[in-house]
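The values are calculated or read from the model by the stated rules, or taken from the named source; none is laboratory data. From a predicted model like this one, the values you see are computed outputs, not experimental measurements. Note: ideal-geometry Cβ built from the backbone for every residue, glycine included; neighbour counts use all protein chains shown. What goes into the accessible areas is simple: the full protein's heavy atoms, side chains included, and nothing from ligands, DNA or RNA. Shrake-Rupley method; radii C 1.70, N 1.55, O 1.52, S 1.80 Å.
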Amino acid sequence: MSRTAATGSSKAHLLQNGLKSDDEIKKNGYPSKREKNGPRASFASRQYQRESFEQAPMYVAVMTYLGFGIVTLFGYLRDFLRAVGLEKCHLAQERDEQKDFVPLYQDFENFYTRNLYMRVRDNWNRPVCSLPGPVFDLMERVSDDYNWTFRFTGRTIHNAINMGSYNYLGFAENNADFLKTVADITHQYGVGVCSTRQEIGNLSIHEELEELVASFLGVESTMTFGMGFATNSMNIPALVGKGCLILSDELNHTSLILGARLSGATIRVFKHNNMHSLEKMLREAVCSGQPRTHRPWKKILIMVEGIYSMEGSVVQLPEIVALKKKYKAYLYLDEAHSIGAVGASGRGVTELFDVNPADVDVMMGTFTKSFGAAGGYIAGKKELVDYLRSHSHSAVYASAMSPPVTEQIIRAMKCILGKDGGREGIRRIRQLAENTRYFRARLKEMGFIIYGNDDSPVVPILLYMPGKVAAFAREMLERKIGVVVVGFPATPISEARARFCLSAAHTRAMLDQVLHHLNEVGDALCLKFSQRKYSPRPDLYEETDFELDS
């Protein structure tokens, strides 16, 4: 008797789109007949060919691990000096009266913070004192005790180029003409709602926003939330629970991981964007069922992201949709970084791959990036949204979205849709795509190793060695360029990187200035590890009207 993920309580409309016959699917879940998918299959294959994950030379990996080893040895030496009183310890410690208690501050767990992070702490949490647009102002600070504490100098670093904010479409702006409706809503409703939507916090603009988002995405219904992180972490437990199986991509965001853990469901992790790994787990789940009892899983939920924020890679959506149909699973798609940023009209990866939004059971996205606001949404069938309105912790207990934030999202979405009477929205989408491809192409020519898809505005430059991470960030700031550097434990220990986020608000002159300084810093710090050769493409560098792929 074959086992399926569907039970009697599963909705028929979520399963009726299954594949007609198994011979239409290859063993690894890829469509085997091009005529079944039309041009979509060839377009999808072109998208995957544009993804780059070049491996570093062996000497780079050796030097990276050696660097961590040396820093760790010095860390143990400094801990010994602190223990004998020759060096002052600045971290929180147990009081003498509590020495026999279970430690509140685990000493070994803080080893990384004490001895590695503190050396480079000045590169994070820098205070910004302006709008986080294409350029911003930073408050200068210095440390007199090796980054344990900071003091402000009173000096401001003006007009640093901002290459770290998720301001993909440039809607984080302070133009009074653009923000007039936001100001009007603030005068009408105030800033806070002071209630949940189920009580007396449901405003007319909240319902207007949800109708607009549903229209934009091409789905039946949507529900909005005041916090993007909680949209994942508090809604996943309402969808799955004990007796359910979650198949999660290994590079999923922390909000997805937290939501999966809070749900109580069984979690299995498949290799990043690897359809063979995913299908193997699906086949095993369907054939073997739950551990020990071998009962069928109540639900099987596949969780993926549209654009992965640390890798810049794009989900292989058509293949995942084919697998979820074949094995009667459900699909949860997080479009936090892809909604507004990819697709001919900014509708995300479903538009990028020409996938029917109805084939994605749960569509999630945030307003914190492309829309320059805050919050998130869940979209899909009306039954799904109605269920979440009464069962989601974010819906029942959280305060409703702030009115000016709501209006900012409405304003940005109307601009994208052209409902404001202009074409500024589509111009920004095309400008972002042009900036993205230009910036990525130039970095490859310079010899940097970068990850991700050529259409992804998230551009990671691999730095690898811990000492170069700090040196890179400091050198770029000296040149008035604000960057985000990321290392262990946010990335694998051997893959520290700088993450650049492109924006439609970046001009060609700004990007050329950043590229010029990147070229200098890359030579000075020996960061050009790529062994591939890329031929120049002058057509990418000419500022002409940009045509998106159809």
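Can you tell me the alpha carbon radius of gyration of the stretch 411-506 divided by the globular rule-of-thumb value 2.2 N^0.38 Å? Walk me through the intermediate numbers first.
Details: Rg = 16.3 Å, N = 96, 2.2 N^0.38 = 12.5 Å.
For the stretch 411-506, the normalised Cα radius of gyration is 1.31.
Checked against a 26 Å cut-off, the cross-linked pairs Lys324/Lys414; Lys419/Lys480; Lys328/Lys382; Lys325/Lys444; Lys369/Lys414 give Cα-Cα distances beyond that limit for Lys324/Lys414; Lys419/Lys480; Lys325/Lys444. Residues in the chain average 47 Å² of solvent-accessible surface per residue, probe 1.4 Å, ligands and nucleic acids excluded. Each Cα pair under 8 Å and six or more residues apart adds its separation to the average, and for the stretch 391-550 the resulting relative contact order is 24 percent. Considering only Ile246, Ser309, Ile416, and ranking their Cα positions along the charge dipole of the chain that arises from unit charges at the beta-carbon of Lys, Arg, Asp and Glu, the one farthest toward the positive end is Ile246.
Around the Cα centre of the chain, unit charges on the Cβ atoms of Lys, Arg, Asp and Glu (plus for the first two, minus for the last two) sum to a dipole of about 1400 debye.
For the stretch 176-417, the calculated P(r) over all alpha carbon pairs, in 5 Å bins from 0 to the bin holding the longest distance, is 1, 6, 14, 18, 19, 16, 11, 7, 4, 2, 1, 0, 0 percent. Loop-located chymotrypsin sites (Phe, Trp or Tyr not before Pro) in the stretch 129-167 (DSSP state not H, G, I, E or B) with no more than 14 neighbouring Cβ atoms inside 10 Å: Tyr146, Trp148. Bridges between two residues of the stretch 176-417, per DSSP, are antiparallel at a rate of about 35%.
With an 8 Å Cα cut-off and a minimum separation of 6 or more residues, compute the relative contact order for the chain in percent. Mind dumping the intermediate values first?
Details: 987 pairs, mean separation 109.6, N = 550.
In percent, rounded to a whole number, it is 20.
Computed over the stretch 176-417, relative contact order equals 30 percent, with contacts defined as Cα pairs under 8 Å that lie 6+ residues apart. For the stretch 252-305, GluC sites (Glu not before Pro) meeting the loop criterion (DSSP other than H, G, I, E, B) and having at most 12 other Cβ atoms within 10 Å: none. Within the accessible area of the stretch 176-417, the carbon and sulfur atoms contribute 54%, probe 1.4 Å, all protein chains present.
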